[in-house]
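Heads up, the thing below is written out as structure tokens.
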Amino acid sequence: MSSPEPSTLSRRSLLTRAALGAGVLASGLSLDTALAAPRASTTLPRARKRVLRLAHLTDIHVQPERRAGEGMAACLKHVTELADKPDLILTGGDHVMDSFEATFDRTKTQWDVFSKTWAGGMNIPVRSCVGNHDAWGWNKAKSKTTGTENNWGKAMAVDMLKIPARYYSFDQAGWHFVALDSVFPNGDGYLGKLDDEQAEWLDADLAKVPKGTPTLVLSHIPILTVTTVVYTKPDKDNNYKLDGSLQHCDYARIKAIFEKHNTVRLCLSGHMHLIDRCDYNGVTYLCNGAVCGNWWKGRHRDCDEGYAAINLFDDGSFEHEYIKYGWKAETK
Ligand SMILES: [Zn+2]
């Protein structure tokens, strides 16, 4: 195509800006980001290119009972046999039914089922984050722990999942990935949040992301979700009080970090065993159900046993779908 006359150029430029603006609204990209992206000499926006396909498997909750190992194996088989096979698996926490209140032996039994099933059925690279049920012995009375054991808390999960630390980041296919540790003790329970050390690290980590590189954040507990309301009854004054163990209680702090660096496009979570999508302030938050559904007792409320498949594109956009793998749970 030859270069347009200057008068045509300015009009076309305006039209392109308008067209880009419309497309940008659909993709979740900011207009400035889209205009800053390199383009060919044509005035039309270039076609986006898929750079990575991933599967997000969260809340597996494996255990020896209720054929959970078989269910997990069925899910892994389904993922590896997809006609459009993922390049990467992300697991979103709560890999075992529960180690929070379990003894060492019971915890080890569950991780043994997890490791054996994973090794026998998965040949796709995996990156993981830790969930509340992966933290061993935080309820000291029930788990019969003192807190001084070598593998106490998240250490055993970090070891079993072969992740570099309880939180970390990496780069792949032109995207930056952050895996967060969103679970902290609160009496005999826990809260969804970042500790100060991690929040400062996140700020510094995102500061290093080159301009124009989209970022995906993986956490167990949702940073932002609408599903908390599903589990919450209004109080006597008809007000909802959101439980800090259901979603991050430090959303404002995380939002400020995201806003400061403007690189995060997509956040993935689990924990709720429900499916939702929130688009807020330029970031999409997906809560992606549960592999175990109702803890291996079938469908949980509005959510079947399943996992998400997500395509990432070079312009920071994405596509996602929730895939049921057809598990028939024991009904008794
Ligand atoms: Zn769970």
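General remarks:
- Applying a threshold of 8 Å to beta carbon distances and a minimum spacing of six or more residues, or different chains, the list of pairs starting in the range 192-203 at a residue that is touching a residue at least 12 places away in the same chain (Cβ under 8 Å) and over 16 Å from residue 135 (Cα atoms) and ending at one that is exposed (fewer than 14 other Cβ atoms within 10 Å of the Cβ) and charged (D, E, K, R) reads 203/260.
- Exclusive hit being within 16 Å of the ligand (Cβ to nearest atom), closer than 30 Å to residue 264 by Cα, in the same structural domain as residue 56 (by TED's automatic domain parsing) and in contact (Cβ under 8 Å) with a residue 60 or more places away in the chain, set 133, 176: 133
- Residues in the range 303-326 that are part of a loop (DSSP other than H, G, I, E, B) and among the hydroxyl-bearing types (Ser, Thr, Tyr) were compared, and the one that is surrounded by the fewest Cβ atoms within 10 Å (Cβ to Cβ) is 325.
- Residue list for the range 48-65, restricted to those being within 14 Å of the ligand (Cβ to nearest atom) and among the acidic types (Asp, Glu): 59
- Scan the range 114-130 for residues that are under 19 Å from the mean Cα position of the chain (by Cα) and within 16 Å of the ligand (Cβ to nearest atom) and the total you get is 3.
- Of all the residues in the range 70-113, those that are away from the ligand (no atom under 16 Å from the Cβ) and either free of Cβ contacts under 8 Å to residues at least 40 places away in the same chain or over 24 Å from residue 183 (Cβ atoms) (or both) number 20.
The values are calculated or read from the model by the stated rules, or taken from the named source; none is laboratory data. Every value quoted in this text rests on a predicted model; they were computed, and no experiment measured them. As a convention, Cβ positions derive from the backbone with ideal geometry for all residues, glycine included, and neighbour counts pool all protein chains shown.
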